[in-house]
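Okay, so here's the structure we're looking at.
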Amino acid sequence: MEKFADVKPQIEQDELLLYTYYRSSCSWRVRIALELKGLKYEIAPVHLLKSDQLKQEFIKVSPLGQVPALVINKKIALVQSIAIMECLEERYPEPALLPKDLHKRATVREICEIIASGIQPLQNLGTMDKISDDEDKKLVWAQYWIHRGLTALETILKSTSGSCCFGDDVTFADCCLVPQISNAQRFKVDVTPFPTLMRIDKYLSTIPAFQRAHASKQPDTPPEMVSVL
């Protein structure tokens, strides 16, 4: 992991402004990618529990009212975390977060999509508010979908992983995994059936870029949440 220790972009860097919420796993995965690339960026906090995402000034940036959103050079606004990460990979190709081999890249993207499409949207704030007003029912719903998704990931990563999700190199898949494991723990999902995922998560937590991007280290992290994240 030395290649991520003190990375500096090899080309002139764009001005980057990231609209984010400290605990949003979609925002979190983009922060990890930015940190791994060694990119400087400003943060514009969007407090989801206070409905900042529904304010008109933010809707102009992100029409669906979702974080993250990345504004580049005060001109281009990108939304959806995977699209943002893909853009960063093309604009700043070193260090690479996708394998060079076509089929290996597809497998990494498959892992990302299981998380970004098959788990996270089903346990996010907006979805659960539509499911029920009962907090216990919301919890059961979230636990079901997270457990189902992590079960699939455990099966896949048993054959693809080394120290990371795909071999020993950090990829997009790792950027997506760490926030989702945090979600699982937040929703009190039993993670003992997922030793492969937990082993990888533990290893990734030792990498400085992952530490800097962590939800407990953000400017908008409430002081009372630092010790529980």
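Test residue 139 against the criterion of being free of Cβ contacts under 8 Å to residues at least 60 places away in the same chain, assigned by TED's automatic domain parsing to the domain that holds residue 203, closer than 30 Å to residue 93 by Cα and not small (Gly, Ala, Ser), and give yes or no. Considered against the rule, which asks whether it is free of Cβ contacts under 8 Å to residues at least 60 places away in the same chain, assigned by TED's automatic domain parsing to the domain that holds residue 203, closer than 30 Å to residue 93 by Cα and not small (Gly, Ala, Ser), residue 139 comes out as no. When residue 146 is tested against (1) in the same structural domain as residue 14 (by TED's automatic domain parsing); (2) crowded, with 20+ Cβ neighbours inside 10 Å, just one condition goes unmet, and that condition is (1). Would you check which residues across segment 89-113 are within 23 Å of residue 160 (Cβ to Cβ) and crowded, with 20+ Cβ neighbours inside 10 Å and list them? Correct list: 97, 98, 108, 111, 112. Of everything listed in (1) modelled with pLDDT under 95; (2) over 21 Å from residue 212 (Cβ atoms), the single unmet condition for residue 57 is (1). Applying the selection to segment 156-196, what residues are outside any loop (DSSP other than H, G, I, E, B) and polar (S, T, N, Q)? Scanning segment 156-196 gives 159, 160, 161, 180, 182, 183, 185, 196.
Contact map, segment 62-89: residues that are closer than 18 Å to residue 23 by Cβ paired with residues that are of a type in the set (Ser, Thr, Tyr) and assigned to a helix (DSSP H, G or I), Cβ distance under 6 Å, separation 6+ or inter-chain. Pairs shown: 67/27; 68/27; 68/81. Would you mind stating whether residue 229 is of a type outside the set (Phe, Trp, Tyr) and part of a helix (DSSP H, G or I)? In short, no.
For residue 152, the requirement of being buried (at least 23 other Cβ atoms within 10 Å of the Cβ) and of a type in the set (Gly, Ala, Ser) is not met.
Mind checking which residues of segment 186-203 are more than 16 Å from residue 154 (Cα to Cα) and either under 16 Å from the mean Cα position of the chain (by Cα) or at pLDDT below 95 (or both)? The answer is 186, and nothing else. For segment 12-61, give me the residue count where each residue is of a type in the set (Phe, Trp, Tyr) and free of Cβ contacts under 8 Å to residues at least 60 places away in the same chain. Qualifying residue count for the region: 3.
Annotation note: of 34, 48, the sole residue that is within 20 Å of residue 88 (Cβ to Cβ) and within 18 Å of the chain's Cα centre (by Cα) is 34.
The values are calculated or read from the model by the stated rules, or taken from the named source; none is laboratory data. Source: prediction; values computed, not measured. Virtual Cβ from ideal backbone geometry, glycine too; neighbours counted across all protein chains shown.
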